[in-house]
Structure formats: C-alpha cells, structure tokens
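Working notes, beginning with the structure itself.
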Amino acid sequence: MRRILLSVTALVLTIAATGQTLKITTSSGTKEYQASQVTANQPATFTGGTTLTVGNDVFTISDITSMLVTGSSSTDVEANTVNIIYNGSTVTVTMADNVSSYVTAEVSGAHVSITQTNTEAVDDKEITYVLSGTTTDGSLTLDGSYKCTVSLAGLTMTNPSGAAINITNKKRIQLSAKNGTENTLTDGSNGSQKACIYSKGQLQLQGKGTLNVVGNTKHAIKSGDYVTVKNLTLNITKAVGDGISCEEYFLMKSGTVTISGVDDDGIQCDLSGDTSTGETADHDDEDSGNVYLEGGTLNITVTAAAAKGIKADGDMKISDGDITVKTTGGGAWDSDDKKTKASSCLSADGNMTISGGTLNLTSTGAGGKGINGDGTLTATGGTVTIKTSGNAVVASSSGSISTVNSSQQLDRYDSDYKSSPKGIKVDGAITISDNAVISVTTTGAGGEGIESKTSIDITGGQVTVNAVDDAINASYNDDTKSLSNAGDLTISGGYVYAHSTGNDGIDANGNVYIKGGLVYAIGTTSPEVAIDANSEEKKKLYVTGGTIIAIGGLESGASLTQSCFSASSWSKNTWYAMTVGSETIAFKTPSSGGNTLVVSGASQPSLKSGVTVSGGTSIFDGAAYTNATITGGSSVNLSSYSGGNGGGPGGGGPWGPGGWF
C-alpha cells in the first residue's frame, strides 16, 4: 500500500491556516476540497485505518496515490511553480493553480514522482519545480513531454536505493541552484541507476548557487543528450564512473566545476548517433561528441588507470577559462583493441583547437600525457603548461602491465605494447601561431615533449620544452614508418626552445625547415644533435632564416643557405649574449648538452660569455631574455660552420609560437 504524504490532521491544519486546496488522487481521478470543506469542525477522518472520509466522500486508503495541498492564489504559490519540500521521511508538494491540471504527483514517503502533461508553455512560461529541505531517503522522478526547470533552493537529499534526481522527460531541462543556496545530492550504492543526477534529455546546469554531487553507483551526472554549464558552482566529490557523462556535446560557458574522487573520466562526451553532424550554428540539433570550454574555472583530478581528465568523441575547442587537470593513474591493457593505453589530461578522437584560456595539465602516472589526440592540434592563443613525470608503460604478450625506466628498454617493444609519457601527442598536424604560449616538461623515462605523427608548423607564439627524449618531434603517421609518411617540421616565426637531456632537441622523420623566428635547441651528446632531420632517408635540415642557438650542433648534410657559426667550446650554466644586427638575446646554457655550440642569424652574430643580465623580457621560462641590459662578459671566437655533428635516425618534430626580429 502506498504511504500517504502527510497525516490528515496536518493537512487539515495546513488548509485551514492558508486557505489552500486539498487534492486526493486515486485511479478514478482527482477530487478537490477547499478549506471550507475540511476544517477543525469538519475534519477528514480515518475509519479502521483503512478508509478516509472527507465530507460525503469515502476513500479506501490503498486506492489513494497522492494527497496534495495546492495554493488557491498566487500569494501562496507563485504561478507556474510547484514547491516540493522534503522533511525527513515525508515531503510536501504544493502547486500553483494554473499548472495543477498539468501536474500529477505520486508520493511514497519522501519519494516524489511527477508526471507533467503539458505540451506547450503554460501562460507563456514553463513549469518550475522548486526543491528544498532535507531527507536521507527521498528522490524526485520527473516525466513529461515539455521542457521545464528544476530549481534547487537549499536541498540535501540522499536516495539510498536509486538516483536522487531521475528525469525521463526527453526535453530540455534546466537544473538550477538558486543564488546563495548550497545543495547536496547523493545516490545509493545498491541501485541500477545511471547516475546520481540523470536526465534523458538536454541538461542545462546553471544558477549562482552551489551543487554538490556524490555518485555511489555509476556516474555523478549523466545526460542522454548535451550538457551545458553556466554560472553554477558544481562540486563532484565521488563517482564510480565518470564525473559528468553526456552525449552530443558538452559546453561550459562560466561557473566553477570541481571534479575529484571519480573511478573513470572526469568529463566524457560521446557521439549519440553513428555519424557526426559536426559543429552547428548555435549548436542546434548538434550531435558531434565535441567539448567546448569557453569560460569559467574547471578543476579535475582523476586517479584511475588510463583515465582521461576530459574525453571527447569528437573535437575539443578551448577558447577561454581557467582549466586545471591532473591525472595520476598508470597504464592499462585494452583487451578489445589489443594495445596499451595510458591516462591523459585532455583527449579527443577528433581535432583540438586552443585559442585562449589558461591550462595547467599534470600527469604523474606511467605513460601519461598532457594532450592526446587522434586529429590535428591548432594553437593560436592561450597559455598551456604541461608536466608529466611518469615512466613509460609496457605490456607483455598476455597483457600484463609494467613500467620501464630507460628508452633503451622501451625500444624492445612493439608500438601496441608500449605507451610513452608525452606532453603533447597527436596523430594529425600541429600548428602553432599568433599568441599561443606553451610550456612542456617531461621527466620520466621515454618522455617526449611534443610529438605529431604528421607534421609540425610553427609561425608564432612561444614554445618551451624540457624533455628526457626528443623535445619536439615530427614522426610517422602509421606503424609501417613509410618514408612517404615521414613528418616535416617547419619553423618560420615565434620563439622555440627545445631541450632534451637524452635525445635530440628538435627531430623530424622528414625534413626540417628553419625559416624564421628564434630557435634555441639543445640536444645531448653525439650521435644526438640539437636539430636533427632524417638524413639516413635522404631528408635534410634546411636553414634559410631565423635566429638560431644550437647546443649539440646540426644534422650532417644540412643545407645552410643562411650562414652558421660555431664556438670552439661552451660553458655550462653560463649566461651568454648573442647580438644579431641591433637585436641582442641573452641565454643561459644548461647543465648538459652536446659538445658543439652553433649560432646563426640574418647577419653574422657576435657572442659574449659570462655576461650579467638585468631587465628585459623573460622567455623560455627564464632560460633567455630579450631587450635586456647586458654588462661584462668575454667575447667568444666564432668560426664558419658547415654542419656535420652526426644525428641518428629522425624520429619526430617540433612546433612553437611567437616572432623575433
């Protein structure tokens, strides 16, 4: 037998005090009673605990599906509003007169099931459900065929046996936290629900209040359609699955979202159908699997093996916002794809675009990556800082996972059985231009800074890479390593710093073209070099312009249209000043690197060592300065350089931003 919402005595007092209407719903329909019909002198009465008498009407308790109090005027309940107040094991549902004919509520204890029947706006507005109060055993289930708003106005609710909010209405739902309120929703660990908050349709998370969500069974928040975030402060502190899981697209415009304690991805956006629509105007009827980050503050920490901070089935487009993502999980064996997988802060099956915002991406697990994409990466703005510290992860033929702490060990494994830590790794082309600022640091074995399997083109911005393996690498785009797929690397502008402690500074399986910009490259000792092209496959390094500082020398057989010069020796941890024409750059040498120092510019450079640097503009995370005041130092003799410091097989390529001279 369904439990009745409130005792009859409480209902009588409510009606008598407020002039509201009592609605009793059975399978035969709903009957209404005004305050004049249900008073202290004419009370509703129980008989034998099985029947309820109101006036001349007698109801069998087991037939009653709900007993509701509705407002008789807009001063009691605002028009188009349904108030749902939770109080322990009970709940009060009160609705405005103008929507009562469209809303049916069934109540069992503090569990409310709403059916909304309108198919268009009521008095030109949608219906709003305002939820408040506290319960440790309650929920809201909402069904209907028209959009509506669920407003949280100071709600603490746990449903130990299912979703806290379960919306089966396929239309657009606004889930709003009222300004100044804190709301906490928790689901149970024994149910079969898809999430603590589930919406079958479009879910717009908004409001200037706070929403805390705990997902004990699967996801914290799940939508069968798109999810948008605006203004809201959203804290997801636990999820057995993803923090936020959605389909079609995810869009964050503003607000603050913090996700932690999840056992899978922080945010995952899947394609709903079989074919992507791509991005559409105003996202109308869009099914792309895209992730759009356009503002606000986003903090995500994921700990599971091979978990992603943000995962897009489609493209990822970042234009603004303060985004911090940390992954700590190691690698895993994918038994379906028969290959190793590792964690990444940002991951997209499509293309990535960064035009603004501040990104701080940290991966500490084995094989972890800052950015990982199957398509292209285009960076025209924003500030991106990436740090990875895990070693490479490898798998045995049986799929058993372990780590290796040297690049030599890693070379013994087939590509499907290993995953190297990388700051940025994409299969498509990398393009960096305009005002993009990118800083990458890798410290684990096998850690490459930036890698494209296709090509790298830097025309502007500033790129700073400190890596264990190749700092900047244009590689092959398939496992056959066909020469026709060898990636070229081109730098024609910007500021590029590429420092490797165990391999080449700049490396390409194809050609390397230095046409402009400021390039400071540092490779380790021979056979590795500062700038390496795949001369073994008759590829070349072409220097036709730019300002170049190369510790470790250049690839053998380089084509040097612009003259290059070498110093007889260089000193570690020393400040140098190089002047080309009227421009001077001060740079500090690292504690390790190749034996040869090569410089080049539009005119023959002059070089001084042991200088004192003051003022100016810091670049490359403090490794160099432009427009600085230079004092002291000793002149360094430079001799003509024709190339020929060796270089192993090409393996990758670079990218960068900026513009110098």
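The values are calculated or read from the model by the stated rules, or taken from the named source; none is laboratory data. A quick note: this is a predicted structure, and the numbers were derived from the prediction, not measured. Glycine gets a Cβ as well: all are built from the backbone with ideal geometry, and neighbour counts include every protein chain shown. Ligands, DNA and RNA are stripped out before the accessible areas are found, and what is left, the full protein with its side chains, is counted by its heavy atoms. Shrake-Rupley method; radii C 1.70, N 1.55, O 1.52, S 1.80 Å.
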field: Selected residue (criterion: nearest to Asp470 (Cα to Cα)) from residues of segment 417-430 that are touching a residue at least 60 places away in the same chain (Cβ under 8 Å) and open to solvent by 50 Å² or more (accessible area, probe 1.4 Å)
entry: Lys418
- prompt: Just one of Ser566, Ser571, Ser591 is more than 42 Å from the chain's Cα centre (by Cα) and either closer than 22 Å to Thr631 by Cα or assigned to a loop (DSSP other than H, G, I, E, B) (or both); which is it?
  reply: Ser571
- prompt: How many residues, within segment 589-609, are open to solvent by 50 Å² or more (accessible area, probe 1.4 Å) and either in contact with a Ser or Thr (Cβ under 7 Å, 6 or more places away or on another chain) or among the aliphatic types (A, V, I, L, M) (or both)?
  reply: 5
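The rows are residues; the columns are (1) in contact with a Gly (Cβ under 9 Å, 6 or more places away or on another chain); (2) more than 12 Å from Ile197 (Cβ to Cβ).
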residue	(1), (2)
Gly215	yes, no
Ala220	yes, no
Lys230	yes, yes
Asn235	no, yes
Gly241	yes, yes
Tyr249	yes, yes
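For (1) under 20 Å from Gly154 (Cα atoms); (2) of a type in the set (Lys, Arg); (3) modelled with pLDDT of 95 or more; (4) assigned to a loop (DSSP other than H, G, I, E, B), each residue gets a yes or a no:
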{"site": "Val99", "(1), (2), (3), (4)": "no, no, no, no"}
{"site": "Ala105", "(1), (2), (3), (4)": "no, no, no, no"}
{"site": "Asn118", "(1), (2), (3), (4)": "no, no, yes, yes"}
{"site": "Thr128", "(1), (2), (3), (4)": "yes, no, yes, no"}
message: For segment 164-178, give me the residue count where each residue is open to solvent by 10 Å² or more (accessible area, probe 1.4 Å) and not in a strand (DSSP E or B).
response: 5
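Under the condition of being in a loop (DSSP other than H, G, I, E, B) and open to solvent by 20 Å² or more (accessible area, probe 1.4 Å), which residue from segment 512-531 is nearest to Lys453 (Cα to Cα)?
Restricting attention to segment 512-531, the residues satisfying the condition of being in a loop (DSSP other than H, G, I, E, B) are 523-530.
Subsequent filtering for residues that are open to solvent by 20 Å² or more (accessible area, probe 1.4 Å) retains 524-528.
Numbers: Thr524: 23, Thr525: 25, Ser526: 25, Pro527: 23, Glu528: 20 Å.
For segment 512-531, the residue satisfying everything is Glu528.
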- request: Specify which of the listed residues (Lys326, Lys341) is open to solvent by 50 Å² or more (accessible area, probe 1.4 Å) and closer than 18 Å to Val426 by Cβ.
  value: Lys341
Checking Gly446 against (1) open to solvent by less than 10 Å² (accessible area, probe 1.4 Å); (2) of a type outside the set (Asp, Glu); (3) part of a loop (DSSP other than H, G, I, E, B); (4) over 23 Å from Ser407 (Cα atoms), the condition it does not meet: (4)
message: For segment 334-382, give me every one of the strands (runs of 3 or more DSSP E) that falls completely inside it and has 2 or more residues that are over 14 Å from the mean Cα position of the chain (by Cα) and among the charged types (D, E, K, R).
response: 339-341
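Condition first: assigned to a loop (DSSP other than H, G, I, E, B) and either within 23 Å of Ala220 (Cα to Cα) or not small (Gly, Ala, Ser) (or both). Now tell me which residues in segment 274-286 satisfy that. Step through it out loud before you land on a result.
Step one: list which residues in segment 274-286 are assigned to a loop (DSSP other than H, G, I, E, B), which gives 274-280, 284-286.
Selection gives Asp274, Thr275, Thr277, Glu279, Thr280, Asp284, Asp285, Glu286.
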message: Return the residues of segment 532-559 that are in a strand (DSSP E or B), in contact (Cβ under 8 Å) with a residue 60 or more places away in the chain and either open to solvent by 40 Å² or more (accessible area, probe 1.4 Å) or among the hydrophobic types (A, V, I, L, M, F, W, C) (or both); say none if nothing qualifies.
response: Leu541, Leu554
field: Failed criterion for Gly154 (all others in (1) of a type outside the set (S, T, N, Q); (2) assigned to a strand (DSSP E or B); (3) within 24 Å of Thr65 (Cβ to Cβ); (4) modelled with pLDDT of 95 or more hold)
entry: (3)
